[in-house]
Amino acid sequence: MAETVWNTDSGEAVYRSRDPVRNLRLRVHLQRITSSTFLQYQPAAQRGKDLIDLATFSPHPAASGHRPDEDEEEEVLIGWQEKLFSQFEVDLYQNEAACQSPLDHQYRLEILKLEDSGGRKNRRIFTYTDSDRYTNLEEHCQRMTTATREVPSFLVERMANVRRRRQDRRGMEGGILKSRIVTWEPSEEFVKNNHVINTPLQTMHIMADLGPYGKLGYKKYEHVLCTLKVDSNGVITVKPDFTGLKGPYRIETEEEKQELWKYTIDNVSSLAQPEEEEREQRVFKDLYGRHKEYLSSLVGTDFEMTAPGALRLFVNGEIVSAQGYEYDNLYVHFFVELPTNWSSPAFQQLSGITQTCATKSVGMDRVAYFSYPFTFEASFLHKDESADALPEWPVLYCEVLSLDFWQRYRVEGYAALVLPATPGSHTLTVSTWRPMELGTVAELRRFFIGGSLELEDLSYLRIPGNFKGERLSRFGLRTETTGSITFRLHCLQQSRAFMESSSLRKKMRSVLDRLEGFSQQSSIHNVLEAFHRARRRMQEARESLPQDLVSPSGTMVS
């Protein structure tokens, strides 16, 4: 006999189908390999050796315990949630006193009808549907690991009572569509029912009674051949997977007389006809169209738009990390400064402070990972149309501080970041600096007391918005480069100029171009200003010279 190639992959497989699950059909084939079948296929003993042919011990027809051939092999076709009774259930439900629930009485009536019609067609292969007790117990007692002595954790005990199957689908209250996505004040029962992803799930188990001949109907001989789970999204989970071109699966019993069984599971669902597929495509297209209309009704037509000639900026940011600082336990204080012609809603918070974060070694640096999110909204309305008016972009100021065990804080660095003028995702790293004093006393004070020089106004990092002079002097300010901060910014821009095709679009586009090219225009503006200063000095120098030297009509005398 050729050696059987066994399929050892008992993991689950996931399929997705838009076809109704009621059309699913499986063919399950079960066959005993030992002991009687295996002995009949053993080769005869070799000539000239004192060996006894194992075929001598094959059971004879007259011997007691003889098993008919049909008991060695069985093949059945099973549909989705089709109930095939086991010998144990037949014996149990024939006793009316054992029927406790309406489902038990229904099973009793079905079994009596089967007995009147000649008995059940299946012998060893049977099923447990989604409504049977076995499915409930299997889900409740499911193990999380493969350990023989598994101790359920606190989470497992809490999640044991969470049911994912046959959840009640509550309809719309009063026929009104629910447009409220977030529940700000959830009740205890609401939290209990919605604290996990709750996808309705149906389960079905295909079983086999592998008991010896004449001893069918004992729970200890029941084995799971296949488990099928189907959710409301059309996802079908099969464990183990369909056999297909792979070899059969094997089951070894653990009783006194160990036996070997093999079985295969094949998907024999009938394929849909081309007419049915075309009709199904039309139905799905109509369904998706109705669903799209339903979603559009939830969103509505009152989409919030910006004022004409205005630009709205949305920033979803994150303070990712800080690295390269002297002390541990860092936190960041930050705020956003809005220049002229910029505004924000009254409820908008433009400042914040992160949590205190300990550093960890990454290469040669000590890095503190904050992952602190923040968000804000601002609007720009260009009012000054003069050529000299140069629009500015919002600036993010931040201050890095450290906190020790004695609640002493130290300034570790300052930084300023001009927000990106282009929409999209940006990851930026900004270097920081801090003011310092010369001498040992200042360093001792910083180490023992925690006090150090600080800036009264963080906008002094750049040119303050309330500065009206011509020159801002930082002469005498001694600084020291410290570490760096990493930001991740997701910027969104909204304006009617992005969709209008009137003269307003051209006007707004020029404003956006000026805003987006702020850094380039700022450098150009500085160059032009220096050129004008040099030109004025040259004109003053020309005016101070004698006219005969400057006049072009002067002639040279030999």
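In terms of distances greater than 26 angstrom between alpha carbons, the cross-link table entries LYS83/LYS246; LYS83/LYS262; LYS83/LYS285 yield LYS83/LYS246; LYS83/LYS285. What the Cβ-Cβ distance of LEU472 and ARG533 gives, at R0 = 22 Å and to the nearest 0.05, is a FRET efficiency of 0.85.
Within the set of other residues whose C-beta is less than 14 Å from the C-beta of LEU417, count the net charge using Lys and Arg as +1 and Asp and Glu as -1.
Working: positive: ARG462, ARG488; negative: GLU318, GLU337, GLU392, GLU399.
So the surrounding residues net to -2.
Under 5 Å between amide hydrogens, built in the peptide plane, is the criterion, and for PHE374 it picks out GLY317, GLU318, ILE319 among residues at least 5 positions away or on other chains.
The order of the peptides 204-216, 288-300 by mean Cβ neighbours within 10 Å, most packed first, is 204-216, 288-300.
Surface calculation, 1.4 Å probe, protein heavy atoms: SER269 sits at approximately 40 Å² accessible.
The values are calculated or read from the model by the stated rules, or taken from the named source; none is laboratory data. Remember, predicted model here, so these are calculated numbers, not experimental data. Cβ: placed from backbone, ideal geometry, glycine included. Neighbour counts: every protein chain shown. The protein model used for the area step is the full one, side chains on, heavy atoms only, and it has no ligands, DNA or RNA in it. Shrake-Rupley method; radii C 1.70, N 1.55, O 1.52, S 1.80 Å.
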